[in-house]
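Written below as structure tokens is the structure these notes are about.
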Amino acid sequence: MAAPRIWYDPPPFSWGRVVRIGLIWLAVVVVLLVLMPSPPREERAAKPPAEELPLAYVPPASRPLALATSAASGPPRTAVAAVTAVREIEACGGRRLKVAADKPVDASLLEQVDTRDVRLRSVTAMRYGGEAARAAAALLDTPGPAALEAVANAAATGHDARAYGLAFRACGGVRPPQQRGSCQLLSADQWSRLDPDNAAPWLYVAALAQQRGDEAGVSEAMQRVAKAKRVDDVAGVLPSLVLQHAPRDDASLLPTVRLLGEVLEQQAAWSLPAYGTAHTFCSDSAVRDPARRQTCGEIADLLVQRSTTLIEHANGAAIGKRVGWTDEKIQALKTERDAIGEVTGRALALEGDPFSCAWARRGLAHHRSVAEQGEVETGRVAIRQSGRDAEQWAKAARERMEKAPQVRRGGG
């Protein structure tokens, strides 16, 4: 098993590629053994069963015909098929991506795309940008602990709210501070001072007050959440900066797609804003108080209407249900989330022209919109532009989910 890669380690070497090459050379040896004249008994001993030989990849629709042809043409043709059991796909930038015989065309083919040059050029460009760009450059270029040191040090002495939020999230947010080095210099309070109209830092402030048993502190912070103008957990900052500074030539498109995927995977390990504190503050018993119910209603509205992620949208709907939103409204919000999820999936689907330059540009344009507007607003715009309403997209999502078990059972 290959050792797990860390996000900042470029993949100069692939064991998977070594294994595939080894299998191909093994198949060559099998061919030679089959074709060499030898006594019948030795030939039977040297030749492996036909089902152990990998078969050439063919699209699902034409697979039965291909298998029938192979079976009718005899053992030597089967052995030759094993040698040519890997096909190539023409990809953007003149690349040719290899597809193993028993593997589908999926996003894992991007592992064959080297990101080192695009990463280096992007990082170099970011170093000449503002505080947030320099923080992003450090997170992309420097090994883990060293990156956190550099980013946290710069944020602690800077005045850029995006850079501070980026450092705070990367350092672990409100996790118990066995904090490493300079991460101890960061605080939710300072982030909230730099960006007072953003609900995200106030959610962290509330969570820390809850950890201290400071009910007044929780109440004050949640009042600030209710009056905030937006919710931005800075999840779009790093992808946005990558997209702004990455080279734009065709040869760089697929490496940028892969680099962006690595960035999103890196961010997936960050702690989420403290939605649990909001649910505790807006519990069923707490919202019996009219003043608390009003505050929680404002928090629910904020999370649903001015959020950047579907997670925030769903948390807002859950709080809204507690404060008395109608079943029709709750169902409409679920329909919207399902529709956004479906239209987003279609935007990133590997259909039609996978790994072409047009496919890469569509994917990068989608990610750019999500980074700048958030996935909720990006989805809403896509639904409006599609000519179909949210209910139609949600219905398509339900139908796809109903078919999914059948597809898995059928191997499709």
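Residue 294 versus residue 117, label points 7 Å from Cα toward the beta carbon: distance in nm?
Those two pseudo-labels are separated by 6.2 nm.
For the pair residue 190 and residue 326, what calculated FRET efficiency results from E = 1/(1 + (r/R0)^6), where r is the Cβ-Cβ distance and R0 = 45 Å, to the nearest 0.05?
On the way: r = 40 Å, r/R0 = 0.89.
The computed FRET efficiency comes out at 0.65.
So if we plug the beta-carbon distance of residue 230 and residue 265 into 1/(1 + (r/R0)^6) with R0 = 35 Å, what FRET efficiency do we get, rounded to 0.05? Mind showing how you got there, number by number?
On the way: r = 26 Å, r/R0 = 0.73.
Step by step, r from the Cβ atoms, then E = 0.85.
For residue 227, give me every one of the aspartates and glutamates with a C-alpha distance below 19 angstrom, ignoring sequence neighbours fewer than eight places off in its own chain.
Within the straight-line limit of under 19 Å, residue 227 reaches these aspartates and glutamates: 189, 195, 197, 215, 289, 298, 301, 312.
In what sequence do 126, 222, 401 fall when counting other Cβ within 10 Å, fewest first? Show your work: numbers first, answer last.
On the way: 126 24, 222 27, 401 11.
The order, fewest Cβ neighbours first, is 401, 126, 222.
Would you pull out the residues with amide H under 5 Å of residue 172's amide H, same chain only if 5 or more places away, H placed 1.01 Å from N?
271
Just want the ordering: 393, 202, from fewest to most Cβ atoms lying within 10 Å of their own Cβ.
Working: 393 23, 202 28.
Going from least to most buried by this count: 393, 202.
Multiply the residue separation of residue 249 and residue 103 by 0.36 nm, subtract the distance between their alpha-carbon atoms, and state the gained length in nm to one decimal. Don't jump to the answer; show the numbers that get you there.
Numbers: separation 146, 0.36 × 146 = 52.56 nm, distance 2.97 nm.
In short, 49.6 nm is gained.
Through the Karplus equation 6.51 cos²θ - 1.76 cosθ + 1.60, θ set to phi - 60°, convert the phi angles of segment 323-333 into ³J(HN,Hα) values in whole Hz; use x for Gly and Pro.
Per-residue couplings from phi come out as 8, x, 4, 5, 4, 5, 5, 4, 5, 4, 5 Hz.
Are any of the pairs 98/395; 229/334; 334/403 more than 31 Å apart by Cα-Cα distance, and if so, which?
Numbers: 98/395 36 Å; 229/334 23 Å; 334/403 20 Å.
Pairs exceeding 31 Å: 98/395.
How about segment 301-352: which GluC sites (Glu not before Pro) there are in a DSSP loop, with at most 12 other Cβ atoms within 10 Å of their Cβ? Display every interim value, and only then the final one.
Working: sites: 312, 328, 336, 342, 351; in loops: 351.
Hits after loop and neighbour filter: 351.
Values in this text are rule-based calculations from the coordinates and carry no lab data. These figures come from a predicted structure and were not determined experimentally. Please note: Cβ atoms are built from the backbone with ideal geometry, for glycine as well, and neighbour counts cover all protein chains shown.
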